[in-house]
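Take a look at the structure set out below.
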Amino acid sequence: MEKTFLMIKPDGVQRNLIGGIVARFEAKGFKLVGAKLMTISDELAEKHYGEHKDKPFFGELVDFITSGPVFAMVWEGEDVILTARAMMGKTNPKEAASGTVRGDYGLTVGKNIIHGSDSAESAEREIGLFFDREEILSYSKHD
Ligand code: CMP
């Protein structure tokens, strides 16, 4: 079954949005198969956001994502990668539709509440960066 990596960023954690955001993905029918509240090191942030290292906002991005606890998650389900992206809304919350996480909770592109993998390749890479194999669970021993 397809898996994706989602992360509630420091702004979402500080604003007590973890429960409300998790509830949306649970209600949709996805399964939470890995989760941890953690603080990201500079090294992990630079690896995770490596594709943006030449962007002018890279320093700001790393500073922000390491500024406080994040809630890192692995979700599982049919087409979860693209469906979770649709549920998150556009990267810039000003352009994100109402009913999406960023559209409902965010205001600025830097503090946009949540990150989600954009492809199967990034999901695999990001899950591997944040989780050990034994931290990802199955709900049934037959899964
Ligand atoms: P995310 O999905 O985590 O992936 C890269 C992040 O870079 C993105 O969400 C935004 O939070 C951030 N980002 C994109 N554009 C800008 C920008 N112009 N200024 C600051 N941060 C940005």
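The values are calculated or read from the model by the stated rules, or taken from the named source; none is laboratory data. Small disclaimer: the values here were computed from a predicted structure and weren't measured. We place every Cβ from the backbone using ideal geometry, glycine too, and count neighbours over all the protein chains shown. Side chains included, ligands, DNA and RNA excluded: accessible areas come from the protein's heavy atoms. Shrake-Rupley method; radii C 1.70, N 1.55, O 1.52, S 1.80 Å.
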Being away from the ligand (no atom under 14 Å from the Cβ), under 22 Å from Glu43 (Cβ atoms) and assigned to a helix (DSSP H, G or I), is that true of even one residue in the range 135-143?
yes
Suppose we filter the range 113-134 for residues that are assigned to a loop (DSSP other than H, G, I, E, B) and over 17 Å from Met1 (Cα atoms); how many remain?
3
Just one of (1) within 13 Å of the chain's Cα centre (by Cα); (2) away from the ligand (no atom under 11 Å from the Cβ) trips up Lys94, so point out which.
(1)
Hey, does the range 63-77 have a residue that's away from the ligand (no atom under 13 Å from the Cβ), closer than 18 Å to Phe131 by Cα, out of contact with any strand residue (DSSP E or B) (no Cβ under 6 Å at 6 or more places or on another chain) and of a type in the set (D, E, K, R)?
no
Can you tell me which residue within the range 114-138, out of those that are in contact with a Gly (Cβ under 8 Å, 6 or more places away or on another chain) and more than 20 Å from Glu51 (Cβ to Cβ), is most open to solvent (accessible area, probe 1.4 Å)?
Leu137
Only residues that are under 21 Å from Ile40 (Cα atoms) and either of a type in the set (A, V, I, L, M) or more than 13 Å from the ligand (Cβ to nearest atom) (or both): list them for the range 97-120, please.
Val109, Ile113, Ile114
